[in-house]
Amino acid sequence: MTKPVIEVESLAKSFGDNHVLKDITEKVEPGQVIVVIGPSGGGKSTFLRCLNLLETPTSGKVAFEGQDLTTLDTKSVNSLREKMGMVFQGFNLFPNMTVLENIKLAPMKVKNVDDASATKTAHELLQRVGLEDHADAFPSSLSGGQAQRVAIARALAMNPEVMLFDEPTSALDPEMVGEVLNVMQELAKDGMTMVVVTHEMGFAKSVADRIWFMADGYIQEDSTPDEFFSNPQTERAKDFLSKILI
Amino acid sequence: MKKRFGLLLAIIVALFMTVVPLNAQHAQAADNSLAEIQKKGTLVMGTSPDYPPYEFQATVNGKSTVVGMDIQIGKKVAKDLGVKLKVKSMSFDSLLVALQTGKIDMIISGMNPTPARRKNVAFTHVYYQGGYSIVVNKTDKAKYKDKDSFKGGTLAAQTGTTQYNAIKKQTSGTKTKGMTSQSDLILALQSHKVDGVAMEKPSAQAYVSNNKSLASIPSHFNMSSSATSSAIAFRKGSTSLVNEVNKTVDQIKKQNLVKKQYLPAAGKYLKTNSVDTSMPHYWKAFATGVEYTLIITVCSVFFGFIIGILLALARMAKGNPLKTALRWLATAYVEFIRGTPMMVQVMFVYFGLGLFVNLPALTSGIIAISLNSGAYVAEYIRGGINSVNIGQTEAARSLGMSNGATMRYVILPQALKNIWPSLGNEFITLIKDSSIVSIIGVTELIYQSNIVRSDTYRGVAPIVVIMVLYFIMTFTASRILNYFERRMQHD
Ligand SMILES: Nc1ncnc2c1ncn2[C@@H]1O[C@H](COP(=O)(O)OP(=O)(O)OP(=O)(O)O)[C@@H](O)[C@H]1O
Ligand SMILES: [Mg+2]
């Protein structure tokens, strides 16, 4: 048996009196694709952000490759974040840099990769997401789908071991959703470990190894896509599915 | 006689006297003032060179130099003490503070030994006994006889001077008008805003002999002799030094050197000065002014910007108690700087820090303006940083970038772009506000224009020249800034 990449134990997170995450214990194995679904405001983003410590958990443990992140100093947290790429709903590309510069920045400033090899890697990644001719464009000139693919390439440039996606297609026009999901599917096929928050049920069914259904601060169900969609166990999940699968 | 002494400065002096009582006590405990000067080998004389023929700027061998009868006296004093004389120019208001804080060793600047001043400094014997005249337009000369002929009219003098008070107290039915500079007064006279200007005889003489449209009449003010006399000021308690210098002063009086040698010598400079009073003739003075204004502005913008970034980051520090303390400190600093006048800050740096390190006026000016500008820039930068979407920080941090790297490579470049117009405004404001350092004698544009004005006896022309020069500088600056603003507009 291999070691889990991410292990979460009794994770809780509150904002003041708002107890968003109550008690979460889960594992992500290497190469697994986890899709997190659940009602809005259920704490999915907060959970994802706790994994790379963009949010500091109120209590509990988040371990990456056996190392508890909550006990680490700032510097070690920084270097662990390199290994967890994150893609946001709003892309968050750096508007003052070209596509190429967006991708090169972190490798050069964090890993001290030299300019030539950073450029080479960036071009390869752009080819992989199908945007090699947009290397010198500024983000403002890209469509949403293109911007999100650049964001994925930017995260991949750090050569991460896990990719976290927080509703990567929710801000896109419908006709652009496909191009982003295709890139993600390719990634999954290449064996990337992924935790994906999404409302794209088609993607969940076809790509996910496990579905985590999250509501009211708990992971209510942890099952395979087949089990979850054909035979949900909890009332909460049944109710949720009935609302989205009309 | 010049007697002006701003309330502000009085307060600052009082402050220094309480903060640094050591100096005074030290001087009283053991008076080695004479020995100290002789050991040092130089005697630094402070003067305010806008008061011909006592002291004024003249072009000697193509170089702008302070000349006048007070300078001659200073030279003689230094010679008799066996030391070298160094002349330091500053505004009259700053002289007493400069003396008390050790920037200068003595004041010779047509200063009269009033009882109020005697409380703070030690005076020598009187070296010159003056009197007052009233300058009028030549066309009106027949109308006026003396101070009592101006009923229903207006008499003017430098605000706060002895003659100013004399007009108020000793005339009736006459309006009193005060202005800060002698050249402004003459201008007011020539444009018939006032009917006569009371001033000291030698000054009146200088104006009249250099300006054919003016004439002078006796004032017949009723004055005690102490109010019309000039003496040299030293730090309080320098008894040995004062006694030694008194020997020189007594000799000057006995031989009547002032009337026989010093005033005629000063008059010669006035004559050569009046040969060409056209503005192009003074281009060098203006060029120096522009040069210093630009030096001050560019340096202050540069350092102010760095200080601003550090302050802005400090103001946003949170986490451990150390960072919280830093945040409070930075906030307090910004509030304090924004809540006090820049003029006071400039004086504080020059005189206050001057107690501990001897900073030249230019350096003090740049430090003060940088510190001031830094507080304002910090607020712009803080606003700029807050205007950058939080998602940018999250994206950078999720890539493993440290807080510092995120700030430097991602947030600050965007913040600066957002606040570029505000920073540009700050730069242009500084070009104009740098004029404040003229009060500590930095030869920037305003200071130079005052020199030219008292040199040429022309009131308006130098003002027009510097107005145009300031405009050229600010306009060029704003063009350059716009150019860069456009270049940054790619996203
Ligand atoms: N920084 C914060 N400060 C205070 N409350 C927060 C913060 N971030 C999230 N919350 C609260 O936590 C709760 C869960 O938010 P979260 O964004 O994790 O939900 P979500 O499941 O991702 O919802 P959505 O589907 O709308 O994205 C919400 O009530 C939200 O208001
Ligand atoms: Mg969310």
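For B:K79, a cut-off of 17 angstrom between C-alpha atoms picks up these lysines, skipping any fewer than 8 places away in its own chain: B:K39, B:K40, B:K247, B:K253. The convex hull defined by the C-alpha atoms of the stretch A:178-246 has an orientation-averaged projected area of 4.9 nm².
A:L131 contributes an accessible area of around 0 Å² to the protein surface, as traced by a 1.4 Å probe with all chains present. For chain A, what percent of Cα pairs sit more than 27 Å apart? Distances greater than 27 Å cover 37 percent of the Cα pairs.
Residue by residue through A:70-82, how many Cβ atoms from other chains fall within 10 Å of the Cβ on average?
Numbers: counts 0, 0, 0, 0, 3, 1, 0, 3, 8, 2, 1, 6, 4.
Shielding by partners across A:70-82 averages 2.
Within a straight-line Cα-Cα reach of under 17 Å, B:K193 can be paired with the following aspartates and glutamates, leaving aside sequence neighbours fewer than 8 residues apart in one chain: B:D140, B:D184. For the stretch A:127-240, the equivalent ellipsoid built from the Cα gyration tensor has semi-axes of 30, 15, 12 Å, listed from largest to smallest. List the lysines whose Cα sits under 23 Å from the Cα of A:K104, skipping any in the same chain fewer than 8 residues away. Partners within reach: A:K75, A:K83, A:K120, B:K417.
For the set B:K151/B:K177; A:K111/A:K189; A:K61/A:K111; B:K88/B:K201; A:K44/A:K205; B:K141/B:K212, the pairs lying more than 23 angstrom apart at their alpha carbons are A:K111/A:K189; A:K61/A:K111; B:K88/B:K201. Taking amide H as placed 1.01 Å from N in the peptide plane, B:Y127 has its amide H under 5 Å from the amide H of B:S230, B:A231, B:I232, each at least 5 places away in sequence or on another chain. Given a 1.4 Å probe and every protein chain left where it sits, what share in percent of the accessible area of the stretch B:343-491 is carbon and sulfur? Of the solvent-accessible surface of the stretch B:343-491, carbon and sulfur hold 64 percent. Accessible surface of B:I451, taken over heavy atoms with a 1.4 Å probe and every protein chain present, rounds to 20 Å². In the protein assembly as shown, a dipole from Cβ-located charges (positive for Lys and Arg, negative for Asp and Glu) runs towards its positive end, and of B:M106, B:M199, A:G145 it is B:M199 whose Cα lies farthest in that direction. Given a 1.4 Å probe and the protein chains as shown, B:T176 ends up with an accessible area of around 50 Å².
Over all distinct alpha-carbon pairs, what is the Kirkwood Rh of chain B in angstrom?
Numbers: mean 1/r = 0.0397 Å⁻¹.
About 25.2 Å, per the Kirkwood formula over Cα pairs.
Please work out whether the stretch B:281-490 counts as rounded, prolate or oblate from its C-alpha gyration tensor, where a ≥ b ≥ c are the square roots of the eigenvalues and a/c under 1.5 means rounded, while otherwise a/b larger than b/c means prolate and anything else oblate?
On the way: a/c = 3.36, a/b = 1.70, b/c = 1.97.
The shape class here is oblate.
Amide H contacts of A:V87: A:L164, A:F165, A:D166, each under 5 Å away and 5 or more positions distant or on a separate chain (H built 1.01 Å from N in the peptide plane; Pro and chain starts excluded).
Highest mean packing comes first when the peptides B:337-349, B:251-263 are listed by Cβ atoms within 10 Å, giving B:337-349, B:251-263.
So with the 1.4 Å probe, I'd like the accessible area per residue for the stretch B:132-222, rounded to whole Å². Show your work: numbers first, answer last.
Working: 3990 Å² over 91 residues.
I get 44 Å² per residue for the stretch B:132-222.
Distance from the C-alpha centroid of the stretch A:213-246 to that of the stretch B:341-372: 71 Å, rounded to the whole angstrom.
Averaged over peptide A:89-97, the number of partner chain Cβ atoms lying within 10 Å of each residue's Cβ comes to 6. Interface of B with A. Using a 1.4 Å probe and counting protein heavy atoms only, the two chains hide about 1900 Å² of accessible surface, both sides summed.
Give the dimensionless ratio obtained when the Cα radius of gyration of the stretch B:49-93 is divided by 2.2 N^0.38 Å. Provide the component values of the computation, followed by the final result.
Details: Rg = 11.1 Å, N = 45, 2.2 N^0.38 = 9.3 Å.
That works out to 1.19 for the stretch B:49-93.
Take the alpha carbon gyration tensor of the stretch B:137-195, find the square roots of its eigenvalues, order them as a ≥ b ≥ c, and report rounded if a/c is under 1.5; if not, report prolate when a/b exceeds b/c, else oblate.
Details: a/c = 1.98, a/b = 1.06, b/c = 1.86.
It comes out oblate by the Cα gyration axes.
For the stretch B:281-490, the relative contact order works out to 30 percent when only alpha carbon pairs closer than 8 Å and six or more residues apart are counted. Taking Cα pairs under 8 Å and at least six residues apart, what relative contact order does the stretch B:132-222 come out at, in percent? Relative contact order of the stretch B:132-222: 48 percent. Secondary structure note: in chain A, about 55% of the DSSP beta bridges are antiparallel. Against the empirical curve 2.2 N^0.38 Å, the C-alpha radius of gyration of the stretch A:11-108 lands at a ratio of 1.21.
Taken residue by residue and averaged, Cβ atoms of other chains lying within 10 Å of the Cβ of A:101-114 number 3.
Over chain B, what is the mean sequence separation of C-alpha contacts under 8 Å (at least six apart), divided by residue count, expressed as relative contact order in percent?
Numbers: 794 pairs, mean separation 90.6, N = 491.
Relative contact order comes out at 18 percent.
From the alpha carbon centroid of the stretch A:167-184 to that of the stretch A:1-71 is 25 Å. Here the stretch B:108-185 and the stretch B:193-212 have alpha carbon centers that stand 11 Å from each other. DSSP beta bridges confined to chain B are antiparallel in about 60 percent of cases. Ranking B:A361, B:F471, A:V177 by Cα position along the charge dipole of the protein assembly as shown, where only Lys, Arg, Asp and Glu carry charges on their C-beta atoms, puts B:A361 farthest toward the positive end.
Derived from the Cα gyration tensor, the three semi-axes of the equivalent ellipsoid of the protein assembly as shown are 79, 27, 22 Å, largest first.
Here the Karplus curve 6.51 cos²θ - 1.76 cosθ + 1.60, taken at θ = phi - 60°, turns the phi angles of the stretch B:100-108 into couplings of 5, 9, x, 5, 9, 9, 8, 10, 10 Hz, with x standing for Gly and Pro.
The values are calculated or read from the model by the stated rules, or taken from the named source; none is laboratory data. Remember, it's a predicted structure, so these values are computed and weren't measured experimentally. Don't worry about glycine lacking a Cβ; one is built from the backbone with ideal geometry, like all the others, and counts go over all protein chains shown. The protein model used for the area step is the full one, side chains on, heavy atoms only, and it has no ligands, DNA or RNA in it. Shrake-Rupley method; radii C 1.70, N 1.55, O 1.52, S 1.80 Å.
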